[in-house]
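Notes follow once the structure below has been shown.
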Amino acid sequence: MNTLHLDSTKRVGRDNGYVVLHELHEDAEGEYGELDVPLELNENKRTGSNFGAYFNVVCVIAGTGTLQIPFALQQAGWLGIILIFLGAAVATYTGILLIKCLYYKGGDRLDGFPAIGEAAFGKFGRMLVNVFYYSILVGGACVYLVLSGINIDQIASARGSTISLTTWIAIAALIIWVPFVACKSLKEVAILAIFGAVATGIVVVVTVVVGLEDLHQPKSAPITHNILVISNIPIALGSIGFSFGGNVIYPHVEETMKNPRAWPKVIIAAMSTCCAMYIIIGIVGYRVYGNTTVSPILLNLPTGFATTLATILITLHVIVAAPIYLTSCALELETILKIDRKYHTARNEFLLRFVLRTAMMIVLIAVGMTVPFVDDLMSLIGALATCMVLFILPIVFYWKLFGFKVMGKLETAWCVFIILFGIIGCVFGTLAAFRKLMEDFAAHS
């Protein structure tokens with residue numbers, strides 16, 4: 001560790017990619033011991049807890065991923081379970097590398113993912129990140145919006161409603177708009193994230209119980225399973241990549257943490273939770289419905305109170321998770337447009353933020369009403385953008401900012417494997433997902 005001595009009681013050091021302030025405390029015998037404290041500990045924006053950060057990550061990642069994973073296994077076969085574990089491991093590793101990149105300059109923390117790209121490769125790096133970054137943030141929020149509209153329409157139609165799907169999507173967007181405009185940062189939406197994470201856990205339990213009860217019920221056609229479908233691996237990788245693709249919000253989540261050095265523990269706990277839920281619901285869903293498994297898995301379940309409850313809960317989950325995606329996107333845009341108290345009064349800042357975020361919702365509604373194929377959209381976003389942001393860019397940026405020599409041979413080989421895996425998923429998965437989306441558009445027309 002390199003250390004700069006400030007005085008007899010404090011010194012600044014760099015530890016494993018993080019910049020920390022070491023405060024020396026005198027004990028009863030006159031000896032001094034180090035207590036690591038983040039440099040930005042006392043900043044007003046760093047008041048969020050580790051639990052709040054954990055729930056923010058779980059809420060964003062687990063919602064649609066939980067409903068998509070059984071379909072991903074239907075695409076890849078039983079060995080797709082390996083992809084789930086691999087996705088969790090990669091997401092955890094690159095999530096840690098990404099946050100380390102924020103502190104590569106020492107005490108000056110970068111603003112976010114696009115700033116990392118610019119630090120590594122100049123304006124081209126920022127532009128490259130922005131293309132994928134905003135695709136995931138806006139696309140992820142769009143997926144959540146469409147899914148909530150589909151779920152509400154399913155519940156309402158079962159009770160005789162004649163309201164169209166597009167109308168329900170617009171209503172869901174109006175509900176999402178309220179916390180999106182009212183909450184300025186991710187710290188303020190943490191309470192929504194807690195509810196979303198708990199709701200997802202309940203949905204997993206309900207889906208597993210109802211699915212197992214349906215296991216031995218007569219089916220209209222024989223249920224088949226595959227061990228491995230090699231041709232579908234790329235598109236399944238895209239689906240799984242989307243299910244773990246939270247990298248775009250990590251800088252904003254970490255920015256709110258009172259103890260940012262706890263980030264590795266937070267991301268490990270969050271990914272472990274998501275992986276456990278994915279494995280459970282994936283195995284049960286694919287075992288029960290096999291080749292007939294669809295996305296979202298709730299459409300496979302028999303109608304009844306439990307299924308309706310699960311649909312309501314996951315709908316509430318995606319409605320509260322969408323503002324997290326949108327807030328991350330809005331924070332980046334507000335930084336670019338200088339919508340901040342540094343440049344405006346509190347009143348003008350709120351009005352500008354209100355106009356910008358309302359305009360974002362209008363665009364989201366337009367896209368959501370035009371692209372109702374949620375499973376295809378998730379696969380396309382996952383393959384094209386998430387594979388880049390999750391598998392490739394964090395490693396490439398880390399190497400550029402810190403150099404190859406900071407890693408051992410084994411870790412370097414692991415990184416090369418991740419990049420190659422990401423390239424395969426990105427190229428072949430994008431082609432397959434785009435082709436499937438065009439087929440569904442043609443059939444819908």
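The values are calculated or read from the model by the stated rules, or taken from the named source; none is laboratory data. Quantities reported herein were computed from a predicted structural model and do not represent experimental measurements. In this analysis, Cβ positions are derived from the backbone assuming ideal geometry, glycine residues included, and neighbour counts consider all displayed protein chains. When the accessible area is computed, the model is the full protein with side chains, heavy atoms only, and any ligands, DNA or RNA have been set aside. Shrake-Rupley method; radii C 1.70, N 1.55, O 1.52, S 1.80 Å.
How do 267-276, 431-440, 345-354 rank on mean C-beta neighbours within 10 Å, highest first?
Put in order of decreasing packing, that is 267-276, 431-440, 345-354.
Provide the per-residue ³J(HN,Hα) series for segment 245-253, in order, calculated from phi with Karplus coefficients 6.51, -1.76, 1.60 and θ = phi - 60°, each as a whole number of Hz, with x at glycine and proline positions.
Listing the rounded values in order: x, x, 3, 5, 9, 4, x, 6, 5 Hz.
Place the peptides 104-110, 408-414 in order of packing, highest mean first, counting for every residue the other Cβ atoms within 10 Å and averaging per peptide. Walk me through the numbers on the way to the answer.
Values: 104-110: 15.1, 408-414: 11.0.
Top of the packing list down: 104-110, 408-414.
Over all directions, the average projected area of the alpha-carbon convex hull for segment 46-443 comes to how many nm²?
Averaged projected hull area, Cα only: 19.4 nm².
Order these peptides, 155-163, 319-327, by their mean beta-carbon neighbour count within 10 angstrom, highest first.
Listed from highest to lowest mean packing, they are 319-327, 155-163.
Tell me the label-point distance for the pair residue 409, residue 341, using the 7 Å Cα-to-Cβ offset, in nm and rounded to one decimal.
5.4
Alpha carbon centre of segment 85-126 versus segment 236-254: separation in Å?
13
What figure, in Å² to the nearest 10, do you get for the accessible area of residue 223 with a 1.4 Å probe and non-protein molecules left out?
In the full protein context, residue 223 sits at about 50 Å².
Tell me, what ³J(HN,Hα) does each residue in segment 267-275 have, in order and in whole Hz, if you take phi through Karplus 6.51 cos²θ - 1.76 cosθ + 1.60 with θ = phi - 60° and put x for Gly and Pro?
Here the 3J(HN,Hα) series is 5, 5, 5, 5, 5, 5, 4, 5, 4 Hz.
Through the Karplus equation 6.51 cos²θ - 1.76 cosθ + 1.60, θ set to phi - 60°, convert the phi angles of segment 330-341 into ³J(HN,Hα) values in whole Hz; use x for Gly and Pro.
Once θ is set to phi - 60°, the couplings for segment 330-341 become 5, 4, 5, 5, 5, 5, 5, 8, 6, 8, 8, 5 Hz.
With the cut-off at 22 Å, report for segment 226-309 the share of all Cα pairs above it, as a whole percent.
Result for the distance tail: 44 percent.
What is segment 269-424 by shape, rounded, prolate or oblate, if you read a ≥ b ≥ c off the alpha carbon gyration tensor as root eigenvalues and call it rounded for a/c under 1.5, prolate for a/b larger than b/c, and oblate otherwise?
Verdict is oblate for segment 269-424.
Which length gain, in nm to one decimal place, applies between residue 127 and residue 351 when the Cα-Cα distance is subtracted from 0.36 nm times their residue separation?
Numbers: separation 224, 0.36 × 224 = 80.64 nm, distance 2.80 nm.
Gain on stretching residue 127 to residue 351: 77.8 nm.
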